[in-house]
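Reviewing the structure listed below.
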Amino acid sequence: MQLPAAVNTYFEADKAEQIDALIESFAESAVVTDEGHTYEGRDAIRGWWRHSKNKYHHVAEPISALHEPQLLTVRAKVTGDFPNSPTTIPFKFGLAEGKIEKLEIG
């Protein structure tokens, strides 16, 4: 499956737990929405990622992608320490200038 470089980096860095590479895939003013909470900017995203990884010990593997003009939806098989694991979750990416500007999970 062909994914934009920033999205591929996001999934690869998440799997390898390489936080610096993951954060570099985001624009400075990026916004992440996950579990009903919104995180704005790289520092907040770094905190969200660390908390989420420590809580769920999750791994997300992309299984399909739907490219739309302003949105890329990647369905990923997510395995971790949470009920109903593994499950398939949509990751909705907004991209600009080669970086992730927006990510909505779920």
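Throughout, read-outs are computed from the coordinates displayed, never taken from laboratory work. Values in this document were obtained by computation on a predicted structure and should not be read as measured data. All Cβ positions, glycine included, derive from the backbone under ideal geometry; neighbour counts span all protein chains shown.
For the stretch 69-106, which GluC sites (Glu not before Pro) pass both filters: DSSP loop (anything but H, G, I, E, B) and at most 14 other C-beta atoms within 10 Å? Could you put the intermediate results ahead of the total?
Details: sites: 97, 101, 104; in loops: 97.
Counting only loop positions with at most 14 other Cβ atoms within 10 Å, the GluC sites (Glu not before Pro) in the stretch 69-106 are 97.
3J(HN,Hα) along the stretch 55-66, derived from phi through the Karplus expression 6.51 cos²θ - 1.76 cosθ + 1.60 where θ = phi - 60°, amounts to 6, 10, 6, 8, 9, 10, 10, x, 10, 7, 9, 10 Hz, with x in place of Gly and Pro.
Would the stretch 51-94 count as rounded, prolate or oblate if I go by the C-alpha gyration tensor, calling it rounded below 1.5 in a/c and otherwise prolate when a/b exceeds b/c, oblate otherwise? Here the stretch 51-94 falls in the prolate category. Stretched out straight at 0.36 nm per residue, the stretch from residue 33 to residue 51 would grow longer than its current Cα-Cα span by 5.1 nm. Between residue 100 and 26, 27, the built amide H atoms are under 5 Å apart, and every one of these is 5 or more places off in sequence or on another chain. For the stretch 1-71, GluC sites (Glu not before Pro) meeting the loop criterion (DSSP other than H, G, I, E, B) and having at most 13 other Cβ atoms within 10 Å: 17, 35.
Past 20 Å, Cα to Cα, is the threshold; run 15/77; 53/99; 55/77; 15/55 against it and keep the listed order.
Working: 15/77 12 Å; 53/99 22 Å; 55/77 18 Å; 15/55 15 Å.
Pairs exceeding 20 Å: 53/99.
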